[in-house]
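Q: This is the structure, below, for whatever I ask next.
Since every read-out is calculated from the coordinates, none of them should be taken as a lab result. What you see is a predicted model, and the numbers here were worked out from it, not measured in a lab. Every residue, glycine as well, gets a Cβ built from its backbone with ideal geometry; the counts of neighbours run over all protein chains shown.
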Amino acid sequence: MTDTSTNLHAAFAKVIDTGLDTLVASGTLPARLPRAAITCEPPRDTSHGDLSTNAAMVLAKPAGTNPRALAALLIAELQKDTRVVSAEIAGPGFINLRLTDAAWLGELALIGSAGADYGRSTMGGGKIVNVEYVSANPTGPMHMGHCRGAVVGDALAQLLEFAGHKVIKEYYVNDAGAQVDVLARSAHVRYREALGIDVGAIPEGLYPGDYLVPVGQALASEFGDKFVDAPEADWLIPFRTRAVAAMLVMIRNDLALLGIHHDLFSSEAELQAAGKPEAAEKWLRAHDLVYDGQLEAPKGKTLDDWESVELPLFRSTKFGDDQDRPIKKSDGSWTYFGADLAYHFQKAETADALVDIWGADHAGTVKRIKAAVAALTGAEGAPPKPFEIKLVQMVQLLRDGEPVKMSKRSGNFVTLAEVVEEVGKDVVRFSMLTRKPDAQMDFDFAKVVEASKDNPVFYVQYAHARICRNIAKGRDEGFAPSAENLALLGAEELELVRLAAQFPRIVESAAVAREPHRIAFFLNDLAAGFHSFYNLGNDRAEKRFIVAHDSALTAARLFLAAQIGQVVKNGLALLGVEAAEEL
């Protein structure tokens, strides 16, 4: 694997660090000043230079000096690097650097040597991150309500691995609640139907989808008419077990259509059978974080049937929640929160950090579960394990601007399989990452397959396809990409290199923020830069990638195109999207 830690942004972060070390050694700066907030990134206005650092701004106050004065001292050190053309102080103390063309051409060559590893980072240090996503109730096929969270979670897992983490991709199977009993009853109706009994309309409150028909047929084949008229107590557990198993097969198959494969499926029923909630409660009581108390009455108008009941309550107010939360119901069964608390306790045993991808409808429970994880992992003065919850808004399905009708197969929703079959895996995955997850999103079947620059899926894929087409055309005409004469590349080409060179920095910042959509945004910007340069050749023959009378320039430009294509391909791979070679 090629070491890409020498990319220009990382390299100059080290140059800045070395310059600060020199100032410390000379006594100009105090030792051991905190440097975590120091950045090295492109300035917002590219006319200000190639790189900008806030080092003087960050360190001046703790060093007891003026930011501009410190910037002047640091500039003297930075200018010793032969890749620096100029260094200037901007505003209250920012430092803007301009680099030699050779520095950027060196970065272009690095992309070529690194290939699929360009942008890969060791930042994660091998720390284990558990990413739990999808975790839909096992009561039916995947539908588009699950799709966005599935894609965000899977892309995040791939991003974290690329950034140097070890990742556990987990699906939590909610197979211990009332909904799986409803599933079993629904399967029983289909079982009776499979035996030739007229069941009429599916009763209200049961799952009506046709996807349960084969489950009923399998039950009829296994049990015959044994449970047709048997009391529910006789068949509920075996029907529930088999129906959940069938749903999980369906769910795995549906997710596979999106290229999603989890490492671990954890069962809530198994969690409870293993006594994990009891163990968590015991631990919390030992640390005075669970006590027996009474719930507050509901706010607002008092209900006539409200009765105060003593329940085991978790001290979530100690961690910023607005009230303490019950971990058990009055009948002694676990609340969803109580079981979820134990589940997170279990996850934390094998991971250094946790990330949950939740639907926005679960926003109300974020504070309490974060409080619980802080309590369970931060005992006796230890810092709690990092835990983040990313909320994902629903997707509105449209066709030419009109809401999409529901699916007959599912009963009341559009299945993921139907959508992937119509528009393809790559379109679905990329589309789900074209907006921040907490922003509302429309998915219009007509627009996501539109061959238009307004369609980001097409726009990025078209950039890669254009590159492949140009390289193939060049080979047909006797030209091949070559790094031998990169110095022939001009200002417009170097702008493309500067843009592509941001990829390693974007990877690390997106991984830290747990925001894979940043990769999609970057790819859109890179595609825009490529298309802009490509279009110069429409009116000016000397700006085309293939200049028939100049083989050296053509080879250099084709090498540039190949490396822009490589960065596009690397970014798409993080999103789980194939890089199209033709459209």
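Q: Taking Cα atoms, how many degrees apart are the long axis of helix 456-476 and the longest axis of the chain, rounded to 10 and kept between 0 and 90?
A: Helix 456-476 sits roughly 50 degrees off the main axis of the chain.
Q: Helix-derived [θ] at 222 nm for the chain: sum -39500 (n - 2.57) over DSSP H runs of at least 4, divide by residue count, nearest 500?
A: -15000 deg cm²/dmol
Q: How far is helix 276-286 tilted, in degrees, relative to the longest principal axis of the Cα atoms in the chain, given as a value from 0 to 90 rounded to the nearest 10?
A: 80
Q: Can you tell me what share of the DSSP beta bridges in the chain is antiparallel? A percent to the nearest 5 is fine.
A: 50
Q: Still on this structure, please answer the following. Measure off 7 Å from each Cα along the Cα-to-Cβ vector at Ser330 and Glu222, then give the distance between these two points in nanometres to one decimal.
A: 3.7
Q: Per 10 Å bin, what percent of the C-alpha pairs of region 282-391 does each bin hold, from zero upward?
A: P(r) over region 282-391, rounded to whole percents: 13, 44, 32, 10, 1.
Q: What list of ³J(HN,Hα) couplings, whole Hz, do you get for region 148-159 from phi and the Karplus terms 6.51, -1.76, 1.60, once you set θ to phi - 60° and write x for glycine and proline?
A: Rounded to whole hertz, the list is 5, x, 5, 5, 4, x, 5, 5, 4, 4, 5, 4.
Q: Give me the Kirkwood hydrodynamic radius of the chain, using the inverse of the mean 1/r over all pairs of distinct Cα atoms, in Å to one decimal.
A: 27.6
Q: Related question: Restrict the search to region 131-230; then list the GluC sites (Glu not before Pro) that DSSP places in a loop and that have at most 13 other Cβ atoms within 10 Å of their Cβ.
A: Numbers: sites: Glu132, Glu161, Glu170, Glu193, Glu204, Glu222; in loops: Glu204.
Here the GluC sites (Glu not before Pro) that fit, given the DSSP loop and packing criteria, are Glu204.
Q: Quick one: if you stick a label point 7 Å off each Cα along the C-beta vector at Glu495 and Ala483, how many nm between them?
A: In this crude spin-label approximation the distance works out to 2.5 nm.
Q: Rounded to the nearest 0.05, what FRET efficiency do Lys80 and Leu264 give with R0 = 41 Å and r taken as the Cβ-Cβ distance? Could you check?
A: Computed FRET efficiency for Lys80 and Leu264: 0.20.
Q: So for each of 333-345, 539-551 I average, over its residues, the number of other beta carbons within 10 Å; can you give me the resulting order with the highest mean first?
A: Answer by packing, highest mean first, reads 333-345, 539-551.
Q: Could you list which residues have their amide H under 5 Å from that of Val414, counting only those 5 or more apart in sequence or on another chain, with H placed in the peptide plane?
A: The list, which skips near neighbours in sequence, is Met144, Ser407.
Q: Here's another thing I want to ask about it. Per 5 Å bin, what is the whole-percent P(r) computed from every C-alpha pair distance within region 456-574?
A: Values per bin, smallest distances first: 2, 12, 22, 24, 18, 11, 6, 3, 1, 0.
Q: Hey, another quick one. Starting with the fewest neighbours, write out Met394, Met432 ranked by other beta-carbon atoms found within 10 Å of each beta-carbon.
A: Ascending number of Cβ neighbours within 10 Å: Met394, Met432.
Q: Let me make sure I get this right: for region 159-306, a, b and c are the square roots of the gyration tensor eigenvalues over alpha carbons, sorted descending. Under 1.5 in a/c it's rounded, otherwise prolate if a/b > b/c, else oblate. Which is it?
A: oblate
Q: Loop-only check: which GluC sites (Glu not before Pro) in region 416-511 are DSSP coil with at most 14 other Cβ within 10 angstrom?
A: Those satisfying the criteria are Glu450, Glu477, Glu484.
Q: Another question about this same structure. On C-alpha positions alone, give me the angle between the axis of helix 232-257 and the longest principal axis of the chain, in degrees, nearest 10.
A: Computed tilt is about 20 degrees.
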